[in-house]
Amino acid sequence: MRKAAHMVVTSVVVGLLASGCGGGDDDKTDAKPKGATTTAEQQSKSPEPSAQGSMIERAAGSWKSIVEAKDTGLETLTIADGKVTAKGPKLDCTGTLKSGEKAGKEAPTLTLTCKGGGDGDRGVGTVGMKDDDKLAIDWAGPEGGFGGLVESFRKVG
């Protein structure tokens, strides 16, 4: 079985290489001088995240979970001036977002307190962002545990 799978993979790789898939345009010459950029290329480059403000500033706004929230899940997250409001089917939480670093990179921490005491084993989480419209929280989980859940959100406002 392994030999057959190996043969199939090898055949596909050889076929791709022979057909030139993934290769460059060796026969074409570049119409613009090296080092020159077009206006479209200049406009498509986005500034570094640090040039747009801190992660806490960029996280300000309303966020919606990318998955349907279950009983102890979060549906929405609202961040304004480091203050956080989070709601789910059975959760109503408030908290703070404070600056921090992890492995030399900006990694703010979010601390939640929920009405009724149950926070779904969240407590403290590390916030990360991809672009300005995707946010993830890596929750520490219960003390003595192996870590908590990771929740992902998309910006809605």
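The values are calculated or read from the model by the stated rules, or taken from the named source; none is laboratory data. Everything numeric in this text was worked out from a predicted model, so none of it was measured. With ideal geometry, Cβ positions are generated from the backbone for all residues, glycine too; neighbour counts draw on all protein chains shown. In case anyone asks, the SASA skips ligands and DNA or RNA and just uses the protein heavy atoms, side chains included. Shrake-Rupley method; radii C 1.70, N 1.55, O 1.52, S 1.80 Å.
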For this session: Kindly write out, for the range 91-105 in residue order, the coupling ³J(HN,Hα) from the Karplus curve 6.51 cos²θ - 1.76 cosθ + 1.60 (θ = phi - 60°), rounded to whole Hz, with x marking Gly and Pro.
Result: 10, 9, 10, 10, x, 10, 10, 10, 5, x, 9, 9, 6, x, 10
Seminar exercise, completed: For the range 65-157, listing chymotrypsin sites (Phe, Trp or Tyr not before Pro) in a DSSP loop whose Cβ sees at most 10 other Cβ atoms within 10 Å gives PHE146
Exercise. For the range 73-157, which whole percent of the accessible surface, found with a 1.4 angstrom probe, sits on carbon and sulfur atoms?
Worked result: 52
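With the other protein chains left in place, how much accessible area per residue, in square angstrom, belongs to the range 51-157 at a 1.4 angstrom probe?
Roughly 58 Å² per residue, with all protein chains present.
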Seminar exercise, completed: Where a ≥ b ≥ c are root eigenvalues of the Cα gyration tensor, a/c under 1.5 meaning rounded, otherwise prolate if a/b exceeds b/c and oblate otherwise, the range 46-121 counts as prolate
